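> What follows is a single structure, and I will ask about it in a moment.
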Amino acid sequence: MIRESRVSSIDWLSLSIYIILMLLGWVMIYSAVYDENHSSIFDMSQRYGKQLLWIILSLFLGAMILLIDAKFFNAFAYPIYILVMLLLVGVLLFGSTIAGSKSWFQIGGFAIQPAEFAKFATALALASYLGKLNRDLSLWKTRLTAFAIIGLPTLLILAQYDTGSALVFTVFILVLYREGMSGALMVIGGIAAVLFVITLYINQWYVIGGLGVLFAISLLMIRRNRSNISKMLALLAVGIAFVLSVDYAFENILEPHQRTRINVLLGMEKDLMGAGYNVNQSKIAIGSGGFTGKGFLQGTQTKYNFVPEQSTDFIFCTVGEEWGFIGTTVVILLYLLLLSRLIILAERQRSAFSRIYGYGIASVLFFHFAINIGMTIGLVPVIGIPLPFISYGGSSLWAFSIMFFVFLKQDANRLNIL
Amino acid sequence: MIKRNLSGRKAVILFIFSTIALIFIIKLFFLQVVDHSYKLSSQNNVLRYITQYPSRGKILDRQGKLLVYNEAAFDLLVIPQQVKAFDTNKFCQLLAIEKADFNARLSKARNYSRYRPSVFLEQISKEDYGYIAEKLYHFPGFYFQARTLRHYPQPIAAHVLGDVGEVNQRNIDQDPYYKSGDYFGKSGIERFYEKELRGSKGLKIVMVDVYNREKGSFQEGRYDTMPIAGKDLVLGLDADLQAYGEALMQNRTGSIVAIEPSSGEILSLITSPSFDPNLLVGRVRGQNYKALQQDSLKPLINRAISGSYPPGSTFKMINALTALNIGAINEHTEFTCQGKLSRPIKCTHDHKSPLALLEAMENSCNPYFWNTFRNILYSSKFKDHKEAYDYWFETMHKFGLGVAFNTDIPFELTGNIPSRAYFDKLYRGSWNALTVRSLSIGQGEILVTPLQLANLAVIIGNKGFYYKPHLLKSIVGDANLPETYIQKIETGVSSEHFEIVKQSMLDVFEGDHGTARYYKIEGILAGGKTGTVQNPHGDDHSMFIAFAPYDNPKIALAVVVENAGYGSAWAAPIATLMIERYLKGESNRPALEKRMIETSHNKAL
C-alpha cells in the first residue's frame, strides 16, 4: 500500500519546537545587540533584521526540501558528501580567515562556512553507508569505513583551525553505538576523558599510583587465573601509557589558547581579566538573571558588551540574564523535548537509512546543545560552536534547517517504504 | 542485515540526553537562584559611581582678603583597554616624563584594571592642561578629569592655614566619608575646620558599557546626589600684619603672636623660618615636604605654639600679681638688694636699695622677686608652703600657663608649670621656697609658648581677663561662634593690682631708664616688658611682650627671637614695628625697619 506523503503526515510537534526556538533566538539576538538608534526589530542593517531574513530563507529551504522526493537524499548521499568535502578542501585553498579560522567563503557581504554543511553531508553519507543490507558494525571493515566517513571532514576542518566544529564529529559515535558497535568503545572513551582531566589536575605519577592501587584491589576481587591476570596487566599498561602521553599531548599538541581554555575550566587559571574573562562574564550574566530574570532588554551584561560574542556563541547568556532560571529551564526542556522526539521518530522509521540519519542529526544537535550551554555556565571549556536555531548566523541556521527538514521529509514518507 | 536486539540502546541514548539536561538545570539553579554574588558582580560591571567633588571652602582674613582659594587642576586618567599604539616618545615629551616612568605608570594602571580608569598623572596645572589637552586626541584612552587644588595668593601663614593632602588608610578607617584618593586637611586651620571646609560629596551613578563608555544615568538619576560646597571661613588674622611680621622675622628663628585683647582673635601667628604654603600643593608636595623636613632650621615646626621657652623677666609680673592678690606684698613693700652679692639670687642691674615694686620692675631686680615669691609661699594665709604652692600653681593656670587653650590650633603645646607632686617626687617630699627659687624669676622648670606669652600681654592690657586665643572670626553662613571663643575668662586677680603692673609696663617705654625707651612709637602709648632668657644651649633668647594703645589696647603681642641676646635689642623694636604697622598702617622709622628685616640671627645662613 502506497500513500502520498502529505502535509498531515509531517511531525508537527518537532516542527513547532523548531520554529519556537528560531523565533526565541531572533528575539534574543534583538535584545543582545539592541541599539537605541536602530530600535526596529526588522532593521536590516542590524543582526536581528538579518537573522529574520535567515529564518525566512530557512523556512523557504525547508518547504523546498519537503517538495523533493524522499528517495533523493539516500540516492544522492555520496555525491552531496563528496561535493561538501571538495568545498572543505576549497576553503583551505581559497577561503578567508575570520576569527582565526580559515573556514569561510566570502561572497559579497556574506560569509558561508562549509563546515556547517559537512555535518549534514556526513550524517547523510553515514546513514547511506550503514543503511545498506548486511552492514555489520562488529566487523572491522565496516567500522573502519564508517570511521573514515566521519574522519575525513574532521581532519579537513581541523586543518582550518576550527577545532570546535571538528569536535562535533566525535558525536557520531552515538550513532555507531545505536547501530551495534560495542558500547565498550564509548565506556573506554569516557574513562579516557576522566583520566585525561585527572592527569591535568594532579601529578601524573599520583594517577599512575592510583591505577596501581586499583589494580591491586581488582586482583583481590577477581578469580586469579592466568588469563584474567594477563588481561588486567594489559589494561594497567595501557592506562599508564595513556596517562604519560596526556601530559605530552597537552603540552605539545594542543594550541596555547586551547590549553588556557582547559586550564580556566579546571580552575587552574584564575585570570578573570584575561583568558577566564569570557566565562566569568558569561556566568555573571546568567547568574545575575536570578529566578525570573531582569526582563526583556534589561540585560546590562549582554547589552553593554561585557559578554563577548553575545549574539552568536554566548546567546544563552541573554536568555539567562533577561529571562532568569525560568527562561533557561524552558529552553533546556525545549531542546530535550526536540531531541527525544527526534529519537522517537528515528526509531519508528522503517528504513535503516532514515533511522540512522535521524540519530545522526539528533546527535549533532545534542553535541551543540551540550557543549554550547555547558560552555556558558562554565562546565565545558570554551569551544566556539553555536546554539542550534538560536545563535545568530546564516550558515549554521541553514545547515541545521536543511538537516532537520530532510529528516522531517523522511519521517513524513516513512509509511511509503516497504 | 543481522538481526540483533538494539532497542535498549535507544534508552541509553535518551538517558544520556536527559542526564545532561538535568545537570544543566541543576547547575543553573545554583548559578541563578542559590548564588546571589553574580547579581552584585553584574552591577559592579555596569554601574559607575562617580563622585562629585564639592569645592573646598575659601579662607579669608579679617579684612576679607583671600588667604586660600581653589584653583582648577587636572588629573590625567587612562583606560588601558582603550589605549592604541602611539608615539610614546612624543607622549613623554608632552607630559615631560621619562620613558621608564611612563612604562611604570601604564603598567600600574593595567594592573589595576584594563577596563576602568585610573590616574595616570595627577594634578596637572591649568597652564600645562591647555597645552596637553590640545594634543591629547593623538592618544586615545587618555583623558582629563577636573580637580581642585589649594592656592595661596600670598606666601604667608603656612603654619596657620595648614595643608591639604591625600587621605591615608587610617583616615579612611576612622571616617568612612573618605575614600581612597580624597583630600583632607592635614594640619592647621585646614585640619581643624575640615568638616566645615570640605562640604559634602555628591554621587552620580551612570551605566557604562564594557569600554567604559557612558550609557546614561542609572534610573534617571533617582539615586544621584548633588555635592554641597564647603563653607568659607573668616579668620581673625590680619594678612598685612602677618606678611609684615614674617618679613621682620625672615632672617631669624623665633615667633611673633599678636592678639586682639577685646576678643581673643589672633591677629598674626608668625613662626620663623617658615615656607611658602604653595610648596605643599599638587604634584611637588611630596618632594618639597621631604626637603622641608630635612632642613636643619626645621621650618615645619610652628614655634608660636610648640616652641617652649623659660619666660624670664616677663614672668616676674605674674609673681608680683599673685603676691599682691593675697597680700603677700603691697605696692609699697620694700626689699633690699645687694647687687651681685645678693643671695640666693644675684642682681645684674645697678640700682638703689632698698626698693619698692615699681622700681623693682623697672630694674628687673631678681632679689626683689625672690623675696616676693618667698612671701607667697610663706604667706600666713596658707597652712604651709606646699599649700601656698598649690595656690600659686592654680593661679598660673588661670593666667593660661601650663595648660593648652584647646581652641582651633592643632598640635598646641601646654608649656610647663611644675606641680607640687613633681617637686615632692624630685626632692622626696622635702623642699621649700629656696629649693624652687628659680621659679621666682621665670627660670627653672617653667616653660611657656609664645602664644601663652602673648596672652599674658592680653591679660595685663585688659587688667585681668582674656578670651581664649583663637584663629576663627566667623564661618560664612553660620551665625554662632563656639561658646568657648566668646567666654570671658577672669584671672581672679583684682584689676587694681593690674594697674600697678600695667603702669610698670608703660614705664618700659616712657621711663627714664625704660629698657625700650628708644623704641617709643610716635603718638601711641604702649606697655611692654623685655625678657632676656638664659638659654643653656646657646646665646640668650630675646623676648618682648607688649600691648597698645595703653588705655584701650587693640593689640597685644609677644615676640621671641632665639639666640639674639638682650630682649631690648631685637624683640622690642620688632614688637613696636608690629604695633605701629597694625595701628597706623605704616612706619615712620624706615631705618629701623630696614635694619630689622636685613639683620640675620641665623648662624646657619
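The values are calculated or read from the model by the stated rules, or taken from the named source; none is laboratory data. All figures in this text were calculated on a predicted structure; none of them were measured in a lab. Cβ coordinates were reconstructed from backbone atoms using ideal geometry, including for glycine residues, and neighbour counts include every protein chain displayed.
> With respect to residue A:15, is the statement that it is surrounded by 13 or more Cβ atoms within 10 Å (Cβ to Cβ), within 22 Å of the chain's Cα centre (by Cα) and not acidic (Asp, Glu) true?
yes
> What residue, among those in region B:45-78 that are under 41 Å from the mean Cα position of the chain (by Cα) and within 14 Å of another protein chain (Cβ to nearest Cβ), is surrounded by the most Cβ atoms within 10 Å (Cβ to Cβ)? Can you show your working first?
If we filter region B:45-78 for residues that are under 41 Å from the mean Cα position of the chain (by Cα), which is where we start, we get B:47-78.
Among the residues that remain, those that are also within 14 Å of another protein chain (Cβ to nearest Cβ) are: B:47-48.
Values: B:47: 15, B:48: 17.
Filtering first and then ranking leaves B:48.
> Name the strands (runs of 3 or more DSSP E) wholly within region B:397-506 that hold at least 2 residues that are at pLDDT below 90 and in contact with a Lys or Arg (Cβ under 9 Å, 6 or more places away or on another chain)?
none
> Between a first residue in region B:358-379 that is touching a residue at least 24 places away in the same chain (Cβ under 8 Å) and farther than 16 Å from residue B:511 by Cβ and a second residue that is surrounded by fewer than 22 Cβ atoms within 10 Å (Cβ to Cβ) and of a type in the set (S, T, N, Q), which pairs have beta carbons less than 6 Å apart while being 6 or more apart in sequence or on different chains?
Within 6 Å, the pairs are B:367/B:342.
> Somewhere in region A:100-107, is a residue at pLDDT 90 or above, over 18 Å from residue A:150 (Cβ atoms) and in a loop (DSSP other than H, G, I, E, B)?
no
> Suppose we filter region B:14-35 for residues that are of a type outside the set (A, V, I, L, M, F, W, C), surrounded by fewer than 17 Cβ atoms within 10 Å (Cβ to Cβ) and within 7 Å of chain A (Cβ to nearest Cβ); how many remain? Before the answer, list the steps.
Residues of region B:14-35 that are of a type outside the set (A, V, I, L, M, F, W, C), as a first pass: B:18-19, B:27, B:32, B:35.
Those still in the list that are surrounded by fewer than 17 Cβ atoms within 10 Å (Cβ to Cβ) too: B:18-19, B:35.
The next check asks that each one be within 7 Å of chain A (Cβ to nearest Cβ); those that pass are B:18, B:35.
Of the residues in region B:14-35, 2 are of a type outside the set (A, V, I, L, M, F, W, C), surrounded by fewer than 17 Cβ atoms within 10 Å (Cβ to Cβ) and within 7 Å of chain A (Cβ to nearest Cβ).
> Could you go through region B:133-145 and let me know if any residue there is of a type in the set (D, E, K, R) and crowded, with 17+ Cβ neighbours inside 10 Å. Before you say what the answer is, go through the steps one by one.
Here is the first cut: in region B:133-145, the ones of a type in the set (D, E, K, R) are B:134-135.
Next, only the ones that are crowded, with 17+ Cβ neighbours inside 10 Å stay: none.
No: zero hits.
> Of the residues B:189, B:205, which is within 14 Å of chain A (Cβ to nearest Cβ) and either in contact (Cβ under 8 Å) with a residue 40 or more places away in the chain or among the hydrophobic types (A, V, I, L, M, F, W, C) (or both)?
Numbers: B:189 fails: within 14 Å of chain A (Cβ to nearest Cβ).
One residue alone meets the criteria, B:205.
> Can you pull out the helices (runs of 4 or more DSSP H) entirely within region B:257-330 that have at least 1 residues that are surrounded by 22 or more Cβ atoms within 10 Å (Cβ to Cβ) and among the charged types (D, E, K, R)?
Passing ranges, in order: B:303-306, B:316-325.
> Quick one: is residue B:338 within 30 Å of residue B:247 (Cβ to Cβ) and loosely packed, with under 14 Cβ neighbours inside 10 Å? Quick ask: steps written out before the conclusion?
Details: within 30 Å of residue B:247 (Cβ to Cβ): no; loosely packed, with under 14 Cβ neighbours inside 10 Å: yes.
So residue B:338 fails the test.
> Separate question: Test each condition in (1) in contact with a strand residue (DSSP E or B) (Cβ under 7 Å, 6 or more places away or on another chain); (2) assigned to a helix (DSSP H, G or I) for residue A:237 and report the one that comes out false.
All conditions pass for residue A:237, except number (1).
> Give region A:174-209 a look and list any residue that's in contact (Cβ under 8 Å) with a residue 60 or more places away in the chain, under 23 Å from residue A:253 (Cα atoms) and within 13 Å of another protein chain (Cβ to nearest Cβ), or say none. Break it down stepwise before answering.
Within region A:174-209, the first condition is being in contact (Cβ under 8 Å) with a residue 60 or more places away in the chain, and the residues that meet it are A:174-175, A:178-179, A:197, A:200-201.
Filter once more, so that each one left must be under 23 Å from residue A:253 (Cα atoms): A:197, A:200-201.
Residues satisfying the conditions do not exist here.
> Criterion first (in a loop (DSSP other than H, G, I, E, B), at pLDDT below 85 and not polar (S, T, N, Q)) does residue B:349 satisfy it?
Working: in a loop (DSSP other than H, G, I, E, B): yes; at pLDDT below 85: yes; not polar (S, T, N, Q): yes.
It is true that residue B:349 is in a loop (DSSP other than H, G, I, E, B), at pLDDT below 85 and not polar (S, T, N, Q).
> Considering only residues of region A:308-353 that are buried (at least 24 other Cβ atoms within 10 Å of the Cβ), assigned to a helix (DSSP H, G or I) and among the charged types (D, E, K, R), which is farthest from the other protein chains (Cβ to nearest Cβ)?
Ranking the qualifying residues of region A:308-353, first place goes to A:322.
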